[in-house]
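Read through the structure below, which is laid out as structure tokens, and then see the notes.
The values are calculated or read from the model by the stated rules, or taken from the named source; none is laboratory data. Worth saying up front: this structure is predicted, and the values here are computed from it rather than measured. Virtual Cβ from ideal backbone geometry, glycine too; neighbours counted across all protein chains shown. Surface areas here come from the heavy atoms of the whole protein model, side chains and all, with no ligands, DNA or RNA. Shrake-Rupley method; radii C 1.70, N 1.55, O 1.52, S 1.80 Å.
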Amino acid sequence: MELTEAALLAVRKDKKAIGMDEFEEAITRVIAGPEKKSRAISEHDRKLTAYHEAGHAVVMKCLKHSDPVHEISIIPRGMAGGYTMHLPTEDRAYTSKEKLQDEMVGLLGGRVAEKLILGDMKLEETLHKREIGQDEAVSSIARAMVMEYGMSDKIGTISYGSDNNEVFLGRDLGRGRNFSEEIGAEIDKEVKMFIEVAYDRAEELLKTNINKLHAVANELLDKEKIDGKEFEMIFDAN
């Protein structure tokens, strides 16, 4: 899919060969959709998006188990107002509790940055489709850590699975959850705890690196898009 998209981009530019620029744009299009530069955006929304994406990037840079930032943009793509792309430096055949915890912290960096800089905003402003997707991702990670991977000290190493997993594995569609209401309540408490700890870590990292957050956001407001090298330079200089 990416190769076809890259070829189309090269043709539109009257190029005889596909270059790295076309490949990178093709990958981004497949992941986030095409750029929508014609979409009218208010200055308030541009600032919100800039701090949101800068929040993701700064937090991820501070995390030991997070992948390097590859590109940050506040140009709308698909349903998203912007994006922060981070790419792994190596193939991984496994994950760890620390890696999953850092992933949640990175995902929450945008929401935390919005709250720190712009204050509590109206529900319709913060719970847009991008944010809802990230909240769902954080919840899914936390629930998997507790129910499937046995990473909760309180719940233990028993895997309680999920209805989705049971269907995927071809098990009885009518089979309900395999634990009591008391265990379910404990699971919910542990999931909430994992999320709250991740939120607090993101908030602490951004408060400690507030100058870096401002610098990255301002650069995004000026240029709209910066690559990984530019981000690293801004981060190190502030």
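Each row is one residue, and each column tells you yes or no for (1) closer than 14 Å to residue 113 by Cβ; (2) in a helix (DSSP H, G or I); (3) at pLDDT 95 or above.
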site: 167; (1), (2), (3): no, yes, no
site: 171; (1), (2), (3): no, no, no
site: 178; (1), (2), (3): no, no, no
site: 204; (1), (2), (3): yes, yes, yes
site: 211; (1), (2), (3): yes, yes, yes
statement: Taking segment 117-138 and keeping residues open to solvent by 60 Å² or more (accessible area, probe 1.4 Å) and either at pLDDT below 80 or within 13 Å of residue 56 (Cβ to Cβ) (or both) leaves 120, 122, 123, 124, 125, 127, 129, 132
- request: Kindly provide the set of residues from segment 215-231 that are assigned to a strand (DSSP E or B) and touching a helix residue (DSSP H, G or I) at 6+ places or on another chain (Cβ under 7 Å), ordered by number.
  value: 226
- request: Considering only segment 147-163, state which residues are at pLDDT below 75 and either at positive phi or within 23 Å of the chain's Cα centre (by Cα) (or both).
  value: 161
